[in-house]
1. I'd like the accessible area for E13: 1.4 Å probe, protein heavy atoms, all chains in place, Å² to the nearest 10.
2. When the chain is fully extended, how far beyond the present Cα-Cα distance does D53 get from V88, taking 0.36 nm per residue of separation?
3. Taking R0 as 25 Å, what FRET efficiency do you get between T130 and Y6 from their Cβ-Cβ distance, rounded to the nearest 0.05?
4. Would you list T9, T21, T145 from the most to the least accessible area, probe 1.4 Å?
5. How large, in percent, is the carbon and sulfur part of the accessible surface of region 15-69 at a probe radius of 1.4 Å?
6. For a quick size check, give me the Cα extents of region 23-101 along its three principal axes, largest first, whole Å.
7. Just the accessible area per residue of region 1-62, please: how many Å² with a 1.4 Å probe?
8. Check S27: other-chain or 5+ apart residues with amide H under 5 Å from its amide H, H built from backbone geometry?
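The values are calculated or read from the model by the stated rules, or taken from the named source; none is laboratory data. Treat the numbers as computed from the prediction; the structure is a model and nothing was measured. With ideal geometry, Cβ positions are generated from the backbone for all residues, glycine too; neighbour counts draw on all protein chains shown. These accessible areas exclude ligands, DNA and RNA; they are computed on the full protein's heavy atoms, side chains included. Shrake-Rupley method; radii C 1.70, N 1.55, O 1.52, S 1.80 Å.
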Amino acid sequence: IQLMIYESTSSNENVHINGHTLVVSASDSRSQLVNSLELVTLENTGDHTYVPDIANAGPMSLLRFSLPAEAEGLDVQSSLSGGNVLQVDVGFAMSTPVPPGNHEIIYTYRFPYDGGQTSFSHSFPFGAETFRVLVLDGVGQARGTGLELMDPLILSGQIYQRLEIHSLEPGDALAIELFSLPQPSLWQKLILLVSGKDSTRFVIPAVFGLVLLMLMTYFM
């Protein structure tokens, strides 16, 4: 049995993001939430395991990933082992050691939209060789700073709008907008109104108005 043992380093200069993909797979018109998945492929090109030095460098030494504001239901899966997932101001971070070689990180989450659209800033603390946005056909459309519209991508028989940008530097950020998202029907809006926290001040006048309309119709 051959066991590979790497020495450690606190320098992240050899850690690179080869590919970063944001997939918008679904949107719920009733809850007005977007379901998203992000796939990150990273590589440690050195011969030492990168171990974040939290004691000296603080949170900035961690693997950090951006999330839209008010994101919820975060679930992180990774081919890396050890470490913890930590919440930070603009997303989440991982204290996981990164040994030499290629690795994958997948995370899913939901975030709200209003009026059929939403916008957010997506930052790249480690940069990215290629960043792409995939939006399932029928869910909505996307655009963003420097994102180039490419030919649609077909995955498992489903069509995705595809946008790409290359050679992002560490610290870069993109403004991304999702639009043409499904909006709730009149019936769904009524249900949301009734189930809302401040529904009484809307429901009582609405019921009174409905009763008044019925009485007027009856007498006429």
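1. 130
2. Working: separation 35, 0.36 × 35 = 12.60 nm, distance 1.64 nm.
Computed gain between D53 and V88 is 11.0 nm.
3. Details: r = 27 Å, r/R0 = 1.08.
Computed FRET efficiency for T130 and Y6 comes out at 0.40.
4. Details: T9 45, T21 20, T145 75 Å².
So the residues, ranked largest to smallest area, are T145, T9, T21.
5. Values: 1220 of 2170 Å².
Carbon and sulfur: 56 percent of the exposed surface of region 15-69.
6. Result, largest extent first: 49, 25, 17 Å.
7. Details: 3470 Å² over 62 residues.
Counting only protein heavy atoms, the per-residue value for region 1-62 is 56 Å².
8. N35
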